[in-house]
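The structure under discussion appears below in the form of structure tokens.
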Amino acid sequence: MSEPSHLRAEFPAVPAELASFRPRAALVLGSGLGGFADSCEKLFEVSYADIPGLPESKVPGHAGKFIGATLGGVPLLLAMGRVHYYEGHSARQTAAHVRFMASLEPQVLVLTNAAGTLNRDFAPGGWMMLSDHLNLTAASPLAGGPNFFDMSEVYDADLRARFRAVASESGVSLHEGVYACVPGPQYETPAEVRMLRALGADAVGMSTVFEAIQARALGLRVVAFSCLTNWAAGVTGETLSHHEVMETGRRAAAVLGGLLETGLRRGLVAG
């Protein structure tokens, strides 16, 4: 991984409880998924606003704080919410929290998001583990350098296999597929959804990809999960709403929480 001291230089003023914390894994919790934190033993909370250099989200469902916690005896750093490209931030700014978390030297980054499902076999309310992604934003958090990082395996194959096994043993239906990242903030049109399906995407959203690119460039192992909150536009003809996204995310959070807790207890992020 990149030298932590180099990363820390970007965030010179850090609250003491965070500065001394060394999580084994870092997690980013997306829209409606903050309930996962309730399954953890909380140690402390720090607002993004208390860390100079970190942008703050204004989107409902994104609390904008870090929680230091343990789960199954494993120290975790939870990022409650994220900023988005569509809020007017640059691609690099949207990944600032990943650089900050990487400065605390976790081994693994777990990303979660709420996504619209494009695959008729992947019904809303379920979870999809990302096997790959399509970056359709025409932007990158690495713009300006450093450059030319290999992206042939963004989402760690070994971690995916282990979580796949945990899901199977737990009787949880865990899909696996390709996530398309679009700029937003509007939802996609039916024609755009047809295009995304033709490109091979199984789900679509407005986050995660910049974070995954940044994390891989820093040498972190990455695993990511999409909560499939709704059918994408044109699949059923229903109107889309952010309220529906958050409510479905809240209901589904317990399923992912169970998978992550089992995985952490089994040492899936131990190395």
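PHE122 meets the stated requirement of being assigned to a loop (DSSP other than H, G, I, E, B), buried (at least 19 other Cβ atoms within 10 Å of the Cβ), on the phi < 0 side of the Ramachandran plot and modelled with pLDDT of 95 or more. Scanning for something touching a Gly at 6+ places or on another chain (Cβ under 8 Å), at pLDDT 95 or above, surrounded by 19 or more Cβ atoms within 10 Å (Cβ to Cβ) and in a strand (DSSP E or B), does the stretch 214-222 turn up at least one residue? Looking for residues that are touching a Gly at 6+ places or on another chain (Cβ under 8 Å), at pLDDT 95 or above, surrounded by 19 or more Cβ atoms within 10 Å (Cβ to Cβ) and in a strand (DSSP E or B), one finds none in the stretch 214-222, hence no.
The number of residues in the stretch 83-94 that are closer than 20 Å to LEU33 by Cβ and assigned to a helix (DSSP H, G or I) comes to 4.
Among the residues making up the stretch 125-174, those that are farther than 19 Å from THR208 by Cβ, aliphatic (A, V, I, L, M) and either in contact with a His (Cβ under 8 Å, 6 or more places away or on another chain) or outside any loop (DSSP other than H, G, I, E, B) (or both) are ALA161, ALA165, VAL166, ALA167. Summed over the stretch 125-148, the residues that are farther than 23 Å from LEU256 by Cβ and either at pLDDT 95 or above or among the aliphatic types (A, V, I, L, M) (or both) give a count of 9. For the stretch 162-178, the criterion of being of a type in the set (Phe, Trp, Tyr), farther than 16 Å from GLY263 by Cβ and under 17 Å from the mean Cα position of the chain (by Cα) is met by no residue.
The single condition from (1) surrounded by fewer than 20 Cβ atoms within 10 Å (Cβ to Cβ); (2) outside any loop (DSSP other than H, G, I, E, B); (3) of a type outside the set (A, V, I, L, M, F, W, C) that HIS97 fails is (1). The residue list ALA49, ALA37, ALA63, ALA114 contains one member that is part of a helix (DSSP H, G or I), touching a residue at least 12 places away in the same chain (Cβ under 8 Å) and touching a Gly at 6+ places or on another chain (Cβ under 8 Å), which is ALA49.
From TYR48, TYR86, grab the single residue that is surrounded by fewer than 23 Cβ atoms within 10 Å (Cβ to Cβ), closer than 24 Å to LEU142 by Cα and of a type in the set (Phe, Trp, Tyr).
Sole residue among the options that is surrounded by fewer than 23 Cβ atoms within 10 Å (Cβ to Cβ), closer than 24 Å to LEU142 by Cα and of a type in the set (Phe, Trp, Tyr): TYR86.
The values are calculated or read from the model by the stated rules, or taken from the named source; none is laboratory data. Computed from a predicted model, the values in this text were never measured in an experiment. Ideal geometry is used to build each Cβ from the backbone, glycine not excepted, and the neighbour counts take in all protein chains shown.
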